[in-house]
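The values are calculated or read from the model by the stated rules, or taken from the named source; none is laboratory data. Here the structure is a predicted model, which is why all the values come from computation and not from measurement. Here the Cβ is made from the backbone with ideal geometry for all residues, glycine too, and neighbour counts use every protein chain on show. Side chains are part of the model used for accessible areas, which takes the heavy atoms of the whole protein and leaves out ligands, DNA and RNA. Shrake-Rupley method; radii C 1.70, N 1.55, O 1.52, S 1.80 Å.
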Amino acid sequence: MTKAPSFSPPAMALLALTMGVIQLMGHAYAWPFWGSMMVLTVIGFWGLARLIFVPSFVTAWSVYGVSLALAYGFGTLNTMTSGYVDGSAMYLVNFAGPSSLGRALGIMELIVAALLYIGHIDPIKTIPTEPFTDNERSATLVMLVVVCAGTFIALATGQLGFQGVQNGEGGGSALVSPLASLVTSTLTPATALAILAYGTQPSSRVRTVVIVLCALLALTQMTQGRRLLMFNVLTLMMAFFAVRGTKGFFTPKIIVLLVLTLAVVAGASRFFVSMRIAGYSLPNDATLAERVEGAVDVITRPEQSGLNEHLEQNQSTRTFVVGYVGELIEAYDKTGRTTEGDLLILNLASAMPTAIWPGKWRVIYEIGSDESACHASLGMAGWDAANTVITEGLCDFGWTGMLLYPLAMAGLMTLANLAVRRTNILVRALVAFSTIKSLLGVEGVLTGYIVDLRNTAVLAIAAALLVAIFNWYQKQPLVIHHREQRALRKQRLAELRAGRP
């Protein structure tokens, strides 16, 4: 009997490659465009299910490939079918022609194909699955407490503001608060780490404390953005099923938990948009409490506030991120010019601490921003666009940069996981979830990824020191003596209980 073909990563990579070639050859026609959207959407949801339920599938390459497939495939399909079934959506939300959009989608399929195949052959699987030791679990709890405390201090002092704004301690200073930057990068990884460490532990007071701290950290995500909240939930689900497995998945308890999670995420997303709408009538320095109060008013009066209309328009057009790539391709075709690496220099300067590179501000001011530098080279008007590593690569080095930048980014994240391969599970899991969280976010410039890695390195060093301290403490003679005495008392108590009539 002939074995039925399986939906393996190589098979899906071949599907993306084949459709990408067809798309590039027929980029001026409509049917390959719709076919590419469907192929990327299928790959995206197939990959998302594997990321959650198959830990061995999770590599930096596969995470980024799935993220790109969902963003550019399902995002495009969502816009094209959200009241724009005649295809006019592409003209309503961008200024690129069908040919440029077709090439953008075709190149995206080639990138996704490469990422999925490299992820399949890469032996560096991201999520560690071996059990934690008692010392590593104790160190995890300490780290969770520190991250939770740092997050609320940053929020209370205004260093971390609404929608992820990181304010310097000097008020109008252009410097970013180190505390805000650190907790922004480590909030999700620390929560996922706690789930991995305590997910299979029996009920206890410590486990209850961990659950409460994770819930508090999850609440803070409501102020940071809808996408960040979604990425947080996906990362936590990956941690949950990595430690619990899929056995007994369809139990009533798990199903109820998943339904509640989806309901909470939907409610939190709506509340975040309400806070943003409320901010339109508030001063720029409005406090979080004022935004929350305004959000309640927006939700209770959706007709007057235009909440429902805002959500519908945002969800139907904001997902068309391929539009900006198409615009850049069209402009690049006309001019043939690039920034020749200016955006790469800008990102490196922005991510470098001022203490190490004091003169970086001169470089930043000369280049400006991604949009100002890129649009000036391509002869485009300046506006705030949906930048990604892919658009930065295109602006810096044309087609070569567009193809190589995302591969280099996934490779950098792989090197980060490789660097800690021989350390304890606490450090490896921390780096793993940090890279997962970063790569799930497609709309991000190179600076954000580098800063996440930098902050993770700081926390990883702290985690290694914590585990070393706990290991040293447990080896002290007095501690060993107390541990032996405690075990002896438990043994005697068990013997007495066994001897009772």
For the chain, find the longest principal axis of its Cα atoms and tell me its angle to the long axis of helix 226-244, 0 to 90°, nearest 10.
40
In degrees rounded to 10, the 0-90 angle between helix 205-220 Cα long axis and the longest Cα principal axis of the chain is 20
Run lengths n ≥ 4 of DSSP H only: what is the helix-derived mean residue ellipticity at 222 nm for the chain, with -39500 (n - 2.57) per run over all residues, to the nearest 500?
-24000 deg cm²/dmol
Heavy atoms only, probe 1.4 angstrom, no DNA, RNA or ligands counted: give me K247, K360 ranked by accessible area, highest first.
K247, K360
Over every pair of different alpha-carbon atoms in region 206-359, take the mean of 1/r and invert it; report that Kirkwood radius in Å.
19.8
Sorting check: for 323-335, 108-120, which peptide has the highest mean count of neighbouring beta carbons within 10 Å, and how do the rest follow?
108-120, 323-335
Placing one equal point scatterer on each C-alpha of region 104-233 and summing with Debye, one gets log10 I(q)/I(0) at q = 0.09, 0.22 Å⁻¹ equal to -0.38, -1.17
Principal-axis tilt of helix 252-279 within the chain, Cα atoms, nearest 10 degrees:
50
Proximal lysines to K490, defined as alpha-carbon separation beneath 27 angstrom and excluding residues fewer than eight positions away on the same chain:
K475
Tell me which residues come under 5 Å, amide H to amide H, from L160 once H is placed; ignore anything under 5 positions away on its chain.
L155, N167
For region 342-391, fraction of C-alpha pairs farther apart than 17 Å, in %:
37
Could you report the accessible area of T317 in Å², rounded to 10, computed with a 1.4 Å probe on the protein chains as they sit in the structure?
40
What FRET efficiency do you get for V212 and L14 if R0 is 51 Å and r is their Cβ-Cβ distance, rounded to the nearest 0.05?
0.60
Restricting to Cα pairs below 8 Å that are 6+ residues apart, what does the relative contact order work out to for the chain? Please round to a whole percent.
20
Tell me which of L493, N471, V458 sits at the most positive position along the dipole axis of region 414-501, charges placed on C-beta atoms (Lys, Arg +1; Asp, Glu -1).
L493
Total charge dipole magnitude, the chain, about the Cα centre, Cβ charges on Lys, Arg, Asp, Glu only, Debye to nearest 20:
2840
Subtracting the Cα-Cα distance from 0.36 nm times the residue separation, let me have the gained length for T129 to R454 in nm, one decimal.
114.6 nm
For V296, what accessible surface area do you get with a 1.4 Å probe? Give it in Å², rounded to 10.
70
If each K or R counts +1 and each D or E counts -1, the residues other than A464 whose Cβ falls under 11 Å of its Cβ total 0
Linear extension gain, K490 paired with Y29, 0.36 nm per residue minus alpha-carbon span
158.3 nm
So, over other residues within a Cβ distance under 12 Å of T447, counting Lys, Arg +1 and Asp, Glu -1, the net charge is -1
Rg (one decimal) and Dmax (whole number) from the Cα set of the chain, in Å, equal 24.7, 93
Taking the alpha-carbon distance from K125 and a cut-off under 30 Å, which lysines remain once sequence neighbours fewer than 8 residues away in the same chain are dropped?
K3, K247, K253, K437
Taking the Cβ of F57 as the centre, find all other residues whose Cβ is under 12 Å away and add up their charges (Lys, Arg: +1; Asp, Glu: -1).
+1
Quick one: length gained pulling T200 to V296 fully straight, 0.36 nm per residue minus the C-alpha distance?
30.8 nm
By the 4.7 Å beta carbon criterion, which cysteine residues of the chain come out unpaired?
C148, C214
For F53, what accessible surface area do you get with a 1.4 Å probe? Give it in Å², rounded to 10.
70
